[in-house]
Every structure is written in structure tokens, then in C-alpha cells.
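Written below as C-alpha cells is the structure these notes are about.
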Amino acid sequence: MAFGADTIDAAFKEGKVSGNITAYGVKTNMKDGKKDSNAGYGTIGLGYETGVVKGFSAKTAFVAGHAVADGSFEDSDPTITDDDNFKKALMTEAYIKYATDLFSLTAGRQAIDLEWLGDFNEAVVAAITPNKDTTIVLGYTNRVAVADEDEIIDFSEPTEDGAYVADIKYSGLQSVEFNPYYYSAPDAVDFYGLKTTFTADMFGAVAHYAKSSVDGQFGLNNNEEDGSIGHVELNTTISDFTAAAGYIKTDKNGGVGLMDTYGDNINPFDSGNNVYNADAKTVYGSLGYTVASVELGALYGQTTYGTNDDFKEKELNLTAGYPITESLATSLLLADIDGEETDSTDGTVDQQYATLKVQYSF
């Protein structure tokens, strides 16, 4: 932080309050014979972070909300209730942090955004910056929670003994960043990968590959096999215009092989139900344009999967976002998913939905 306090009392007095109030609605049109559904959600988030005293600081935050649903979950899947996906209130952050110019250590409930680790975690995370071009993140997490505008899910254990992560980012070469990483969830899965990002004035590229080894006993019980995923993308930015095209390929037998257990960042779609399936091949393209402060976006792609590319799922996402004021913003999403029957218990995924989000942040 930019300031320091002389005493603990001063650190609390110099602390900062932040939060948001969000209204969110979704309307779904099912095209496979299931009932259409509508749902609305209202949430409020509030956080407080102390000032820094002798390198130490602390933060606590919570989110609370209410779902106003017209049978939104029960109509589409009778086994799911609103309470399964929308807990009324949740403390999302509660941590103590120690930081210097070269090192930080954060322990407790915290937000994490790594390649395969996201949302809110009960974790211990160390970040080391030995020089301006290198950042090393070492951490352990054992419980994960979700707190979005339409989903508040309490902390739970994706795997019995948690997961360890080592993530390195190196940007010492001009326009290139290397991001090697390694994850280990004992008795579940180990995996490693390398993401290389190239960024120039108007052109960018991503090359990413990861491979997993699923524990034999865990895989046997859960019908999982070793997996892998490759991802390449080319993108460009010219003034207020952006464009990208990409390709994603998973292992023929194991898909991503449990790599997405604690989160993911590769799937480009709002849904992308089958991107991580076994033998899935996804091609996608996107366009973006900003005019009069309105951010417009279009993303379209197709995923083929199955032993002989038996199934296909096409998805179109249209987005628009507008900052009404510095603190108040609204966004709109229109999604059309044209799916085919899968070999899972989910049956078909064939629907259209629209969402509207209005958020005030402070």
C-alpha cells in the first residue's frame, strides 16, 4: 500500500472500505423441450482493509444476496434447488498479509486468479519478486468458494488434501512472457504446463500446453484418466478495435484430466460446456469495438468431441457494456448455444439466454 502507520490503532483508522451493490437478471429459453426460466439476484459486497503497520495488514469481506427465481433451477433440473447455488451470505475474505518490496505472504480466505486456481480460497500464498522481470508464486489451498452475481457457494474441499501450486512469470525478454507452473493435489492429480504470451503494439499471440497425471485410485473411482490441453491464439488491437482467433485441443481419452478441479482460464465462452471434454477440439473467433464509451463484443466458436467427433456444440456470445458513471456500470450478454446430445447425464445443451447486470461500486 502507498502509506504506512506507526501503530495498530493508526492502521485501523487509515483503513479503506470498499464494496458493491449488484442487480442481476437472467432469462433462459430452452430449445430442447425443457421449461423456460427467469431469475433475478440482488447482492451486496462489503470489505474493509487496514492500513499497513510494520509490513502487516489485514482484510475482511463478505457478500450477501437474495435470489428471486421463477423456478429457475428446479424447472431445468429437479435435482438442483436455489439454495444449492445461492447461499444467502458468505465471508469471502479474511486474511493477514505481510509484505516487503521483494516478498509477500498472505494467509486466510483470499481471492486468487492463477491459470488453474481461481475464485476465493482458504489458502497460504507467498509471492516472491527477486527482480523486476520475475514473479514466483508458491501456495497451498484446501477449500474454495464462489461469489458471483448469480452464484454464491460456500467453501468446500474439491480434493481431500488440498492442492499445492508453484507459478512463475518471467518477462525479461522484450514483448514475451513465460509462465511455467506446477500443481499437485495429493492422491488426486499432478500437472504442469507452460504458457507463453507475446505482445506487440498491434499484434499478440498465446501458446499454452499442459499435461496431467491422475492418481490411479482416484481416477479409477471417478472414471478419470490422465489428460492434456493445448491452446493457441492470435489477436490484434487497432485503435478501438480488437480481434482474436484461437484453437483448443484436449487429450483423446482423458480430456483435461482433472486440471480444472480448482478453476480454469482457457475456456473463452460464457458456458463452453464441452471445451474440456475428452478429445474436444474447439475453434473460436472474437471481435470487439468501443464506440462512445460502449464496449461491444462478439464471440463465436464450435466444439467437436466424442470418439469420432460424434458431437458438436456451437456457441455465440454477444456482449455490451456501458459505464453510466465512474461508479455505476451496466452490462448485457446474449448467448445462443446449439448443442447435441452427449453421453453424459446432462442430456442436451440447446438454449438461448440473456443476462443484464447493473453494479454500483465504491
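Any chance segment 262-270 includes a residue that's over 23 Å from VAL214 (Cα atoms) and either of a type in the set (Ser, Thr, Tyr) or open to solvent by less than 70 Å² (accessible area, probe 1.4 Å) (or both)?
Within segment 262-270, the first condition is being over 23 Å from VAL214 (Cα atoms), and the residues that meet it are 268-270.
Restricting the remaining residues to those that are either of a type in the set (Ser, Thr, Tyr) or open to solvent by less than 70 Å² (accessible area, probe 1.4 Å) (or both) gives 268-269.
Looking through segment 262-270, at least one residue is over 23 Å from VAL214 (Cα atoms) and either of a type in the set (Ser, Thr, Tyr) or open to solvent by less than 70 Å² (accessible area, probe 1.4 Å) (or both).
Filter segment 74-96 for residues that are at pLDDT below 70 and either among the small types (Gly, Ala, Ser) or open to solvent by 40 Å² or more (accessible area, probe 1.4 Å) (or both) and give the result.
Passing the criteria: GLU74, ASP75, SER76, ASP77, PRO78, THR79, ILE80, THR81, ASP83, ASP84, LYS87.
For segment 278-295, which residues satisfy the criterion of being under 24 Å from ILE248 (Cβ atoms) and either out of contact with any Pro (no Cβ under 9 Å at 6 or more places or on another chain) or surrounded by fewer than 16 Cβ atoms within 10 Å (Cβ to Cβ) (or both)? Walk me through how you get there before you give the answer.
Of the residues in segment 278-295, the ones under 24 Å from ILE248 (Cβ atoms) are 278-288.
Matches in segment 278-295: ALA278, ASP279, ALA280, LYS281, VAL283, GLY285, LEU287, GLY288.
Select from segment 1-31 the residues that are over 30 Å from ALA99 (Cβ atoms), at pLDDT below 90 and open to solvent by 50 Å² or more (accessible area, probe 1.4 Å) and list them in ascending order.
Hits for segment 1-31 are ASN29, LYS31.
Right, SER331: among the small types (Gly, Ala, Ser), modelled with pLDDT of 95 or more and surrounded by fewer than 15 Cβ atoms within 10 Å (Cβ to Cβ) or not? First the steps, then the outcome.
Details: among the small types (Gly, Ala, Ser): yes; modelled with pLDDT of 95 or more: yes; surrounded by fewer than 15 Cβ atoms within 10 Å (Cβ to Cβ): no.
No: the conditions fail for SER331.
Please go through (1) open to solvent by 30 Å² or more (accessible area, probe 1.4 Å); (2) among the hydroxyl-bearing types (Ser, Thr, Tyr); (3) modelled with pLDDT of 95 or more for THR355 and return the number of the only condition it doesn't satisfy.
(1)
Among the residues of segment 241-300, count how many are among the β-branched types (Val, Ile, Thr), part of a loop (DSSP other than H, G, I, E, B) and either within 18 Å of TYR192 (Cα to Cα) or touching a residue at least 40 places away in the same chain (Cβ under 8 Å) (or both). So that I can check it myself, show each step before the final result.
Here is the first cut: in segment 241-300, the ones among the β-branched types (Val, Ile, Thr) are 242, 248, 250, 256, 261, 266, 275, 282-283, 290-291, 294.
Going one step further and asking which of them are part of a loop (DSSP other than H, G, I, E, B), we end up with 256, 266, 275.
Now restrict to residues that are either within 18 Å of TYR192 (Cα to Cα) or touching a residue at least 40 places away in the same chain (Cβ under 8 Å) (or both): 256, 266.
Residues meeting the conditions: 2.
Could you list, ordered by first residue, the pairs with Cβ atoms under 8 Å in which the first is in segment 183-211 and assigned to a strand (DSSP E or B) and the second is of a type in the set (Lys, Arg), at least 6 apart or interchain?
If the second residue must be of a type in the set (Lys, Arg), the pairs left are PHE191/LYS211; TYR192/LYS211; GLY193/LYS211; VAL206/LYS195; ALA207/LYS195; HIS208/LYS195.
From the list ASP167, ASP154, ASP201, ASP161, which residue is surrounded by fewer than 16 Cβ atoms within 10 Å (Cβ to Cβ) and under 17 Å from the mean Cα position of the chain (by Cα)? If you could, list the steps in order and put the result at the bottom.
Values: ASP167 fails: surrounded by fewer than 16 Cβ atoms within 10 Å (Cβ to Cβ); ASP201 fails: under 17 Å from the mean Cα position of the chain (by Cα); ASP161 fails: under 17 Å from the mean Cα position of the chain (by Cα).
Being surrounded by fewer than 16 Cβ atoms within 10 Å (Cβ to Cβ) and under 17 Å from the mean Cα position of the chain (by Cα) holds for just one of ASP167, ASP154, ASP201, ASP161, which is ASP154.
Going by the conditions given, is THR106 over 17 Å from GLY55 (Cα atoms), of a type outside the set (A, V, I, L, M) and surrounded by 14 or more Cβ atoms within 10 Å (Cβ to Cβ)? First the steps, then the outcome.
On the way: over 17 Å from GLY55 (Cα atoms): no; of a type outside the set (A, V, I, L, M): yes; surrounded by 14 or more Cβ atoms within 10 Å (Cβ to Cβ): yes.
Taking the combined requirement at face value, the residue does not satisfy it.
Collect the residues in segment 32-65 that are touching a strand residue (DSSP E or B) at 6+ places or on another chain (Cβ under 7 Å), open to solvent by 20 Å² or more (accessible area, probe 1.4 Å) and at pLDDT below 90, keeping them in residue-number order.
The answer is ASP32, ASP36, ASN38.
Taking only segment 90-115 into account, find how many residues are out of contact with any Leu (no Cβ under 6 Å at 6 or more places or on another chain) and more than 21 Å from GLY65 (Cβ to Cβ). Reasoning before the result, please.
Going residue by residue through segment 90-115, those that are out of contact with any Leu (no Cβ under 6 Å at 6 or more places or on another chain) are 90-97, 99-115.
Among the residues that remain, those that are also more than 21 Å from GLY65 (Cβ to Cβ) are: 95-97, 99-108, 112-115.
Number satisfying all stated conditions: 17.
For residues in segment 193-214 being within 15 Å of GLY255 (Cα to Cα) and of a type outside the set (Gly, Ala, Ser), which is modelled with the lowest pLDDT?
VAL214
On the basis of being open to solvent by 60 Å² or more (accessible area, probe 1.4 Å), modelled with pLDDT under 95, within 17 Å of ASP133 (Cα to Cα) and not in a strand (DSSP E or B), does GLN217 make the cut?
no
Residue-wise test of (1) of a type in the set (Lys, Arg); (2) not in a loop (DSSP other than H, G, I, E, B).
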site: PHE12; (1), (2): no, yes
site: LYS35; (1), (2): yes, no
site: LEU46; (1), (2): no, yes
site: GLY51; (1), (2): no, no
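Starting from segment 141-168, take each residue that is on the phi > 0 side of the Ramachandran plot and list its partners that are open to solvent by 60 Å² or more (accessible area, probe 1.4 Å), counting only C-beta distances under 8 angstrom and pairs at least six apart or across chains.
Sorted first by the residue in segment 141-168, then by its partner, the pairs are GLY162/TYR140; GLY162/ARG143.
The values are calculated or read from the model by the stated rules, or taken from the named source; none is laboratory data. Since this is a predicted model, take the numbers as computed values, not measurements. Note that each Cβ is placed from the backbone with ideal geometry, even for glycine, and that neighbours are counted across all protein chains shown. Accessible surface is based on the protein model in full, side chains and every heavy atom, while ligands, DNA and RNA are left aside. Shrake-Rupley method; radii C 1.70, N 1.55, O 1.52, S 1.80 Å.
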